[in-house]
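Undergrad: What follows is a structure written as structure tokens; I'll ask about it next.
The values are calculated or read from the model by the stated rules, or taken from the named source; none is laboratory data. Keep in mind the model is a prediction, meaning the values are calculated, not measured. Here Cβ is always computed from backbone atoms with ideal geometry, including for glycine, and neighbour counts include all displayed protein chains. Accessible surface areas use protein heavy atoms only, side chains included; no ligands, DNA or RNA. Shrake-Rupley method; radii C 1.70, N 1.55, O 1.52, S 1.80 Å.
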Amino acid sequence: MAQVRFSSGERIPLEMHKVRIVQKLSLPPIEDRARHIAEAGNNTFLLRNADVFMDMLTDSGVNAMSDRQQAAMLTADDSYAGSATYTRLFDKLLDVFGMPYYLPTHQGRAAEHLLARTLVTEGSVVPMNYHFTTTKAHITLCGGRVEELYTDEGLQVTSEHPFKGNMDIGKLRALIDEVGAANIPFVRLETGTNLIGGQPHSLANLREIRAVCDEHGLLLVMDGSLLSDNLWFIKEREDSEKDKSIAQIARDIADLCDVFYFSARKITCARGGGILVRDEELYKQMRGLVPLYEGFLTYGGMSVREMEAMTIGLDELLDEDNICQGPQFIEHMVTELADRGVPVITPAGGLGCHVDARRFLDHVPQEQYPAGALAAAIYLCSGVRGMERGTMSEQREQDGTEPLAEMELVRLAMPRRVFTLSQVSYAVDRIAWLYTKRHLIGGLRWVEEPEVLRFFYGRLEPLDDWQERLVAEFRKDFGDSL
Ligand SMILES: *Cc1c(COP(=O)(O)O)cnc(C)c1O
């Protein structure tokens, strides 16, 4: 589908669906929001969703299902073993990705758990374009370490580069020379690179990685959790691929990989996941772990209803009218914020709009968690819940030292088919207002800091009374508005 052109020349996303079920939202007044964020330990993960106006925390498991998906859920076949639902899902996966073996898991990180347990040992080195939180945690828990081989453009906040998620091939070769292929259980490419702003890789880059893996006999693993946006960007931005169908691009990607694992919570708007495997031996090695940690081989911890929705979701993954929506909404939000001077990651990527907290709060040192402080401030002034993706999301080294993140981002995820354009405009308005008051925002410190994945449920407090000052300023400018 070509984007619908408006006579004004503006690039405005147009929903190719209509809304037929709605869910009421509430927007608590700012004084209540101040209480809620304090009670949540300034951690947006700990807010109650009932106190949130727009939940832009993640696109994991919160995308809107279609009528076809909901209808398919009624046809689910409840059986512990050998359900017809599994067969339908497996056949569809085979049809789309062409990989002969499938290990079902309850979500994406469970796939990472099984892969790490099977392949990673003490001293393993896993090269990747960039890490993801749960991926890194599983690899380090098994005694391995992660090497990030992003390109120079990858971490440039503002750029015109279409594929900032690419892996640097020179760095990959150098790493293999340095540590030896025998210590590399697999090379991992993450499509739609999550933590650097949902930035895509090109198909050409994947082909180059494949060639290097072939030279050294290395396994190539794709984290396909964010495939849908990356598919769209390959078609939009990679000249050699623009005449291909989305289905063809998806197949070309899978054909280059040995293993393809995914979170169905993202790519299919249903809750599940799994690992697709080409090699029978590797499949057999991992198979025993599925009944142990997930559930029997024909459901892997998923509900059969969600599996039916996944099967339809895979059809929708290949529908351009559908998958262009996320990136177009995100591009719109990024452009609107950038026009108002708010520092955001460019070019717009997938997954969501990423605000650069380092530049937004250039007076807050990284040790005081500027991205965490900004996420709390955004909730406070708008009721919009984003996610810290910066130093708070890192984990401490074994000796207790705290690595500072390369980027300090607040991610405002764009769940698919959920928000209207006027809701996006509201979020833009409040964040742009906050930017004019940025000097009021201060830092945070830990009150409770868990050892593993601390960002999920750790608690923090403001270093001074900056939140009270922000509330007062809001009242001054907005009167009795919510
Ligand atoms: C979300 C995500 C995962 C984990 O998937 P869940 O279903 O949330 O467990 C893994 N990798 C990437 C790149 C992701 O974005």
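Undergrad: With only Lys, Arg, Asp and Glu charged, each at its Cβ (+1 for the first two, -1 for the last two), find how big the charge dipole of the stretch 26-178 is about the Cα centre; round to the nearest 20 debye.
TA: 260 debye
Undergrad: With +1 on each Lys and Arg Cβ and -1 on each Asp and Glu Cβ, and nothing else charged, work out how big the dipole of the chain is about its Cα centre, in Debye to the nearest 20.
TA: 1020 debye
Undergrad: Report ³J(HN,Hα) in whole Hz for each residue of the stretch 43-55, in order, from the Karplus equation J = 6.51 cos²θ - 1.76 cosθ + 1.60 where θ = phi - 60°; Gly and Pro get x.
TA: 10, 5, 4, 9, 6, 7, 4, 5, 9, 10, 7, 10, 8
Undergrad: Just to confirm the number: angle between the C-alpha axis of helix 227-237 and the first principal axis of the chain, 0 to 90 degrees, nearest 10?
TA: The answer is roughly 80 degrees.
Undergrad: I've got another one for you. Using the Cβ atoms and a cut-off under 13 Å, what net charge is assigned to the surroundings of His138, where Lys and Arg are +1 and Asp and Glu are -1?
TA: That sum, taken over residues with Cβ under 13 Å, equals +3.
Undergrad: Could you pull out every residue, at least 5 positions away or on a different chain, whose amide H is within less than 5 Å of the one on Met54? Hs are placed 1.01 Å off N in the peptide plane, and Pro or chain starts have none.
TA: Correct list: Val384, Arg385.
Undergrad: Quick one: with all protein chains in place, what share of the accessible area of the chain is carbon or sulfur, to the nearest percent (1.4 Å probe)?
TA: C and S fraction of accessible area: 49 percent.
Undergrad: Further question on the same structure: Alpha carbons only, please: Rg and Dmax for the chain, in angstrom.
TA: 22.0, 67
Undergrad: I would also like to ask the following. Report the gain in length on full extension from Ser79 to Glu31: 0.36 nm times residue separation, minus Cα-Cα distance, nm rounded to one decimal.
TA: Difference between extended and current length: 12.3 nm.
Undergrad: Moving on. Have a look at Gln366, Asn42, Phe455 and report the one farthest towards the positive end of the charge dipole of the chain, computed about the Cα centre with Cβ charges (Lys/Arg +1, Asp/Glu -1).
TA: Asn42
Undergrad: Lys and Arg at +1, Asp and Glu at -1: add these up for the other residues within a Cβ distance under 9 Å of Gly41 and post the number.
TA: That sum, taken over residues with Cβ under 9 Å, equals -2.
Undergrad: By the scheme Lys and Arg +1, Asp and Glu -1, what is the net charge of all other residues having a beta-carbon under 11 Å from that of Pro462?
TA: Cβ neighbours under 11 Å give a net charge of -2.
Undergrad: If you don't mind, there's one more thing I want to ask. Binning every alpha carbon pair distance of the stretch 1-41 at 10 Å from zero, what are the percents per bin?
TA: Reading the bins upward from 0: 20, 23, 18, 27, 12.
Undergrad: Along the Cα→Cβ direction, 7 angstrom out, place labels at Thr401 and Leu440. What is the inter-label distance in nm?
TA: 3.9 nm
Undergrad: Shifting gears a bit: Just want the answer: with Cβ charges of +1 for Lys and Arg and -1 for Asp and Glu, which residue in Gly443, Gln398, Val418 is farthest toward the dipole's positive end in the stretch 394-482?
TA: Value: Val418.
Undergrad: Here's another thing I want to ask about it. Evaluate the charge dipole of the stretch 160-261 about its Cα centre and quote only its size in Debye, nearest 20, assuming +1 on the Cβ of each Lys and Arg and -1 on the Cβ of each Asp and Glu.
TA: Magnitude of the dipole: close to 120 debye.
Undergrad: So, one more: Taking 8 Å as the Cα distance limit and 6 or more residues as the minimum spacing, I'd like the relative contact order of the chain as a percentage.
TA: 22 percent
Undergrad: With a 1.4 Å probe and all protein chains kept in place, how do His363, His201 rank by accessible area, largest first?
TA: His363, His201
Undergrad: Taking R0 as 41 Å, what's the FRET efficiency between Asp243 and Arg287 from their Cβ-Cβ distance, rounded to 0.05?
TA: Efficiency for this residue pair is about 0.55.
Undergrad: In addition: Looking at the chain, send over the antiparallel percent of its DSSP beta bridges, to the nearest 5.
TA: 65 percent
Undergrad: Just to verify a number: what accessible area does Asp255 come out at with the full protein assembly present, 1.4 Å probe, Å² rounded to tens?
TA: About 80 Å², ignoring ligands and nucleic acids.
Undergrad: Further question: What ranking of Ser79, Ser8 comes out by heavy-atom accessible area, probe 1.4 Å, highest first?
TA: Reading off the accessible areas and sorting them downward yields Ser8, Ser79.
Undergrad: So what's the angle, to the nearest 10 degrees on a 0 to 90 scale, between helix 203-216 and the longest Cα principal axis of the chain?
TA: That helix lies at roughly 50 degrees to the long axis.
Undergrad: With a 1.4 Å probe and every protein chain left in place, tell me how much accessible area Thr87 has, in Å² to the nearest 10.
TA: Result for Thr87: roughly 70 Å² accessible.
Undergrad: In addition: Given the pairs Lys18/Lys235; Lys164/Lys284; Lys136/Lys437; Lys136/Lys164; Lys235/Lys266; Lys244/Lys266, which span a C-alpha to C-alpha distance of over 29 angstrom in this model?
TA: Pairs exceeding the cut-off: Lys164/Lys284; Lys136/Lys437.
Undergrad: In square angstrom, what is the accessible area per residue of the chain with a 1.4 angstrom probe?
TA: Accessible area per residue, the chain: 40 Å².
Undergrad: For labels at Leu421 and Val179 in the simple 7 Å Cα→Cβ model, what's the distance in nm?
TA: Going from the Leu421 label point to the Val179 one covers 4.7 nm.
Undergrad: Probe 1.4 Å, all protein chains in place: accessible area of Asp168 in Å², nearest 10?
TA: Result for Asp168: roughly 40 Å² accessible.
Undergrad: Let me ask you something else. Accessible area, 1.4 Å probe, largest first: how do Glu112, Glu280, Glu39 sort?
TA: Sorted descending by solvent-accessible area, the residues read Glu39, Glu280, Glu112.
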